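This report refers to the structure that appears directly beneath it.
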Amino acid sequence: MAEAAAEIDQALEVLIPPPEGPEAKLFEAMRYAAIGGGKRLRGFMVLEGARQFGVARDAALRTAAAIEMLHAYSLVHDDLPCMDDDELRRGKPTVHKAFDEATAVLAGDALQANAFYVLSEADTHADPGVRAELCRGLARAAGPRGMCGGQMLDMLAEEAGEALEEAEIGRLQMLKTGKLIEFAAEAGAILGKAPAQLRHAFAAYGRDVGAAFQIADDLLDATASAEETGKRTGKDAAAGKATLVGLLGIPRAQAQAERLAAQAAGHLDALGDRADLLRALARYAIARRN
């Protein structure tokens, strides 16, 4: 993952405009938000999925970088005072603290737009149908029936102050976090024009990893320190957020995450030993401390 993260950062260095010209502050904020730090779990999924189907490394890296740009945009906006109002992200001040609130909004907007621009370019894939499918998949994962919809549900639940049922929390987290991870897992298969059965297997893998990853995040918020995670912890309980950890308790939530990680690995049985790194990633998603 560290090697993949370094490659993805190199791709981001090229794909995000350098800080020059009158709009240099915007480009600097974009780069501050997207380059360096982070686990690159989503990007790693793209690279490993693409490797299963012999996809050119440059094409996979461009796709991984686009997804990481979209993810970075979501973090920039989540951290804003009107949303989660956070001051620390990946061990450094959030973008609106390092720059200003208006610049953070624009940097997030620009990262989102640039992600789709990169996916639409011929350098990402020679087949325009594949490029269109990538753009469609990312839009679906990020939009009203994906990440944005999940964030809305999260905000509404917090405002209402009412406890959600387990199924309601699962849907909220699937949309807010899981859909983008699911797409990242499937993206390599899209690049490789994999048969439908394998595409569905990768999507199912990503769906279960995404669910396990979110539970692990909630567990970290409840049990880890800010020094370990690189961001403020304990905020979910303080804000009364709906999480499976809050509903089920730590032991049952941990067991649920372990079940999902094992289930995710099982979706890749048809690939044999070739998918061992992806199976290891499912285990890492619930064992990490940041």
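The values are calculated or read from the model by the stated rules, or taken from the named source; none is laboratory data. Here the structure is a predicted model, which is why all the values come from computation and not from measurement. FYI the Cβ positions are ideal-geometry reconstructions off the backbone, even for glycines, and counts take in every protein chain you see. Surface accessibility is based on the protein's heavy atoms, side chains included, excluding ligands, DNA and RNA. Shrake-Rupley method; radii C 1.70, N 1.55, O 1.52, S 1.80 Å.
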Meets criteria (outside any helix (DSSP H, G or I), at pLDDT below 95 and either small (Gly, Ala, Ser) or open to solvent by less than 60 Å² (accessible area, probe 1.4 Å) (or both)) for ALA163: yes
Options ALA113, ALA56: the member that is under 13 Å from LEU138 (Cα atoms), surrounded by fewer than 22 Cβ atoms within 10 Å (Cβ to Cβ) and not basic (Lys, Arg): ALA113
From MET30, MET69, MET83, MET1, residue being in contact with a Phe, Trp or Tyr (Cβ under 8 Å, 6 or more places away or on another chain) and either touching a residue at least 24 places away in the same chain (Cβ under 8 Å) or of a type in the set (Val, Ile, Thr) (or both): MET1
Scope segment 142-175; condition without any contact (Cβ under 8 Å) to a residue 60 or more places away in the chain, small (Gly, Ala, Ser) and within 22 Å of ASP208 (Cα to Cα); matching residues: GLY143, GLY146, GLY149, GLY150, ALA167
Matching option when the condition is outside any loop (DSSP other than H, G, I, E, B) and closer than 23 Å to ALA203 by Cα, among LEU106, LEU70: LEU70
Of all residues making up segment 16-52, the number that are more than 30 Å from LEU198 (Cα to Cα) and either open to solvent by less than 60 Å² (accessible area, probe 1.4 Å) or among the polar types (S, T, N, Q) (or both): 15
Test: residue in segment 79-94 that is surrounded by fewer than 23 Cβ atoms within 10 Å (Cβ to Cβ), part of a helix (DSSP H, G or I) and at pLDDT 95 or above: no
So PHE99, is it open to solvent by 40 Å² or more (accessible area, probe 1.4 Å) and either touching a helix residue (DSSP H, G or I) at 6+ places or on another chain (Cβ under 6 Å) or closer than 21 Å to MET152 by Cβ (or both): yes
From the options GLY129, GLY108, residue that is without any contact (Cβ under 8 Å) to a residue 60 or more places away in the chain and either surrounded by 14 or more Cβ atoms within 10 Å (Cβ to Cβ) or farther than 22 Å from LYS39 by Cβ (or both): GLY129
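Each row is one residue, and each column tells you yes or no for (1) on the phi < 0 side of the Ramachandran plot; (2) of a type in the set (A, V, I, L, M, F, W, C).
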{"residue": "LEU247", "(1), (2)": "yes, yes"}
{"residue": "GLN254", "(1), (2)": "yes, no"}
{"residue": "ARG259", "(1), (2)": "yes, no"}
{"residue": "ALA262", "(1), (2)": "yes, yes"}
{"residue": "GLY272", "(1), (2)": "no, no"}
{"residue": "LEU277", "(1), (2)": "yes, yes"}
{"residue": "ARG283", "(1), (2)": "yes, no"}
{"residue": "ALA287", "(1), (2)": "yes, yes"}
Checking GLY266 against (1) under 20 Å from the mean Cα position of the chain (by Cα); (2) open to solvent by 30 Å² or more (accessible area, probe 1.4 Å); (3) modelled with pLDDT of 95 or more, the condition it does not meet: (1)
